[in-house]
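Please treat every number below as a calculation from the coordinates, not as lab data. Just so we're clear, the structure is a prediction, and the values are computed from it rather than from any experiment. Glycine gets a Cβ as well: all are built from the backbone with ideal geometry, and neighbour counts include every protein chain shown.
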Amino acid sequence: MTIMAKKLPLARLGVVGGGQLARMLAPACNNHDVQMTILDPYYNSPAGKVAFDQIEGELDDPAALQLLCERSDIVTFDLENVGTDILVALADQGIEIVPAPAVIRLIQNKFDQKCHYRDSGISTAEFTDFTEKSSFSDVEAFGLPCVQKTHTGGYDGRGVHIIRSIEDWENRLEPPSFIEKFIANGTELAVMVARRASGEIVAYDPVEMVVDPELNLLDYLIAPARVDANVLKLAQELAKKTVESFATPGLFGVELFLTNSGDLLVNEVAPRAHNSGHHTIEACVTSQFENQLRVCLDLPLGQTDLQGYALTANLVGEVGYNGRPVIEGLDEFAKIANSHIHLYGKDECRPGRKMGHFTLVGDDHNELIRRLASIRDVLIVRGDTPQ
């Protein structure tokens, strides 16, 4: 057997975006002696505070992206709202970028993404394009209620509008957008998938996502999802098929709908670490961030086995406050066994802004939900200035 020797530091990893996802990638980089450089427009970004280096620049600035590539052996992403044209050109010149920028560009446009699923034989909700000429009669003919989504720019519930009536129509989003069937009373699932350039692919156990109806973003997730074991297996298979269709290495968060009739439909995909994989830090053999780094370094992927049960809840800014972040109830939280907090290092807190998350691990779904309720009574993140 030949044992390969690698020089240290192992690599220079560039990350486009300096938010919480890049911040949580830093421990895996440190463990592997990988020097992480961040590109972010804001000085002292969440990831910049813990990275080897940070370049200040816009995420669509060709000069800044070129500089990041020059300082990196491999480049990956904290978010997908980036300048893909220059990245496609740099990849064509031989710069190693994971996932492929052409796939990032495809995923940026949710309508193109939906068309890709349809053309690839991947189950997704029925949809149609929505233009300036579209009328309420067209929407009624398609079927109410329906969901309007902007082609680009939507995230964390933004760029999504449910149309149930003429009143909702009056408040519709501006084109370009599309409409898709509303999945009534469905269960929202998500599966994290990692794929190497060699084709090696692993999927984590599906999680159940519970969405805050007011903020329209993830409130908490439960792992594994509370669905039949056969559905869990089918969800993993569909998620892997979806990622395989992109034919690129990367880490992907695949969001799914489970309909009342038992059908699994792909909603959308994030080509990066994802909120639905945060529990993997404490609850899985290998975290999503460790496997994201292994994909970038083309190392064998780690086991994804879930060890017990887990619940992860977002910590968002409290309504009624702005300013420098303040946390209440941390002493009480620290007394709770098998509870883990991650604060994102953001310098400003606004109502509804993601400021951190916490993960509970245990032996039973119901026990975790009971613990969640008690924690929510004491653990609060808010700004230091009342509105």
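Let me check I've understood the local charge: for P145, count other residues with C-beta under 10 angstrom from its C-beta, Lys and Arg +1, Asp and Glu -1. What total comes out?
+1
What translational diffusion coefficient, to the nearest whole µm²/s, does the range 189-317 have by Stokes-Einstein, given a Kirkwood radius computed over alpha-carbon pairs, a temperature of 10 °C and 1.306 mPa s viscosity?
Calculated translational D: 108 µm²/s.
So, counting K/R as plus one and D/E as minus one, what does the shell of residues with Cβ under 10 Å around M209 add up to?
Counting the neighbours of M209, the net charge comes to -4.
Contact order normalised by length for the range 271-341, with contacts defined as Cα pairs under 8 Å and 6 or more residues apart; what percent is it?
Relative contact order, the range 271-341: 25 percent.
Assuming R0 = 56 Å, can you tell me the calculated FRET efficiency for the pair D331 and R118, based on Cβ-Cβ distance, to the nearest 0.05?
E(calc), rounded to 0.05, equals 0.60.
Quick check: pseudo-label points 7 Å beyond the Cα along Cα→Cβ at S374 and K49, how many nm apart are they?
2.9
Shape verdict for the range 11-97, please, from the Cα gyration tensor: rounded (a/c under 1.5), prolate (a/b greater than b/c) or oblate.
It is oblate, given that a/c is not under 1.5 and a/b is not larger than b/c.
Full-extension gain between T152 and E268, please, as 0.36 nm times their residue separation minus the C-alpha to C-alpha distance.
The span from T152 to E268 would gain 40.5 nm if fully extended.
Hey, can you rank 245-251, 360-366, 377-383, 203-209 by average C-beta count inside 10 Å, highest first?
Descending packing order for the listed peptides: 203-209, 245-251, 377-383, 360-366.
So if we plug the beta-carbon distance of D60 and V285 into 1/(1 + (r/R0)^6) with R0 = 35 Å, what FRET efficiency do we get, rounded to 0.05?
0.40
Select from D78, D138, D61 the residue whose mean-square fluctuation is largest in a Gaussian network model of the chain (Cα-Cα springs shorter than 10 Å).
Its mean-square fluctuation being the largest, the pick is D138.
By how many nm would the segment from N185 to V88 lengthen if fully extended, with 0.36 nm per residue of separation less the alpha-carbon distance?
Extra length from N185 to V88 when fully extended: 30.9 nm.
Please report the base-10 log of the normalised intensity I(q)/I(0) for the range 251-358, using a Debye sum with one equal scatterer per alpha carbon and no solvent, at each q in 0.10, 0.11 (1/Å).
-0.41, -0.49
Return the FRET efficiency for the residue pair I201, I162: r is the Cβ-Cβ distance, R0 is 51 Å, and the value is rounded to the nearest 0.05.
Efficiency at R0 = 51 Å is approximately 0.90.
If I model a spin label at L299 and V211 as a point 7 Å from the Cα along the Cα→Cβ vector, what separation in nanometres do I get?
Result for the modelled spin labels: 3.6 nm.
Once every Cα of the chain carries one equal point scatterer and solvent is ignored, give the base-10 log of I(q)/I(0) from the Debye formula at q = 0.06 Å⁻¹, two decimals.
The computed values of log10 I(q)/I(0) come out as -0.23.
Among N275, N338, N291, which one moves the most in a GNM of the chain with springs linking Cα atoms closer than 10 Å?
Looking only at N275, N338, N291, the biggest GNM fluctuation is shown by N338.
Do any of K241/K346; K110/K233; K181/K241; K240/K335; K233/K346 go past 28 Å between their Cα atoms, and which?
Pairs exceeding 28 Å: K241/K346; K240/K335; K233/K346.
Describe numerically, in nm with one decimal, the distance between label points set 7 Å from Cα along Cα→Cβ at E70 and at N338.
About 5.2 nm, to one decimal.
Please check: in the Gaussian network model of the chain (C-alpha springs, under 10 Å), which one of Q292, Q93, Q148 has the largest mean-square fluctuation.
Largest GNM mean-square fluctuation: Q93.
Output the Kirkwood hydrodynamic radius of the range 54-190, Cα pairs only, in Å rounded to one decimal.
17.1 Å is the Kirkwood radius here.
Go through 162-171, 318-327, 14-23 and give me the packing order, highest mean Cβ count within 10 Å leading.
Top to bottom by mean Cβ count within 10 Å: 14-23, 318-327, 162-171.
When the chain is fully extended, how far beyond the present Cα-Cα distance does E237 get from N366, taking 0.36 nm per residue of separation?
43.7 nm
I'd like to compare 35-45, 187-197: which one has the highest average count of other Cβ atoms within 10 Å, and what's the full order after that?
Descending mean neighbour count gives 187-197, 35-45.
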